[in-house]
1. Please pick out the residue among Thr107, Thr120, Thr91 that is β-branched (Val, Ile, Thr), closer than 14 Å to Arg38 by Cβ and out of contact with any Ser or Thr (no Cβ under 7 Å at 6 or more places or on another chain).
2. Any idea which residue in the range 47-68 is nearest to Gly109 (Cα to Cα), counting only those that are open to solvent by 80 Å² or more (accessible area, probe 1.4 Å) and charged (D, E, K, R)?
3. Restrict the check to the range 28-48 and report whether at least one residue is farther than 16 Å from Tyr112 by Cα, in a loop (DSSP other than H, G, I, E, B) and hydroxyl-bearing (Ser, Thr, Tyr).
4. Going through the range 3-27 one residue at a time, which ones are part of a loop (DSSP other than H, G, I, E, B) and either farther than 15 Å from Val93 by Cβ or open to solvent by 40 Å² or more (accessible area, probe 1.4 Å) (or both)?
5. Mind checking which residues of the range 97-108 are in a loop (DSSP other than H, G, I, E, B) and either within 14 Å of Val79 (Cα to Cα) or touching a residue at least 24 places away in the same chain (Cβ under 8 Å) (or both)?
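The values are calculated or read from the model by the stated rules, or taken from the named source; none is laboratory data. Everything numeric in this text was worked out from a predicted model, so none of it was measured. Neighbour counts run over all protein chains shown; Cβ positions are idealised from the backbone, glycine included. Surface accessibility is based on the protein's heavy atoms, side chains included, excluding ligands, DNA and RNA. Shrake-Rupley method; radii C 1.70, N 1.55, O 1.52, S 1.80 Å.
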Amino acid sequence: QVQLVESGGGLVQAGGYLRLSCVASGRTFSSYGMAWFRQAPGKEREFVATINWYDTRTMYADSVKGRFTISRDNAKNTVYLQMNSLKPEDTAVYYCAAGWRQWRAATSGYSYWGQGTQVTVSS
């Protein structure tokens with residue numbers, strides 16, 4: 001079992017930045033692909049970014065490419081999402097997800113999910 005706890009959400013003005021963190025329990029964090037997804041009110045959950053488990057390659061949704069950066073620190077069992085140049089359309093609940101040796105831009109394959117952290121960007 002893996003438990004994920006996100007933090008770092010909040011209210012920020014457009015153009016601002018936030019850094020989300022997700023701490024995972026367990027001793028095999030380095031074998032999990034990690035991802036961030038988000039869900040806005042009335043919309044489906046959508047992919048934001050993922051980082052793989054073996055060479056830290058990353059993938060991003062087109063809507064956040066160049067503005068968001070995903071990274072991981074295996075020594076701290078933590079994955080981060082640095083969000084710069086935030087836009088009102090980035091407003092959503094952001095979820096951290098973990099999948100055993102997964103690296104994909106879809107919710108399938110990620111078995112473990114955090115409770116989510118709210119990000120609100122005002123215009």
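1. That would be Thr107, the only listed residue that is β-branched (Val, Ile, Thr), closer than 14 Å to Arg38 by Cβ and out of contact with any Ser or Thr (no Cβ under 7 Å at 6 or more places or on another chain).
2. Top of the filtered list is Arg57.
3. no
4. Correct list: Gln3, Ala14, Gly15, Gly16, Tyr17, Ser25, Gly26, Arg27.
5. Arg101, Gln102, Trp103, Arg104, Ala105, Ala106, Thr107
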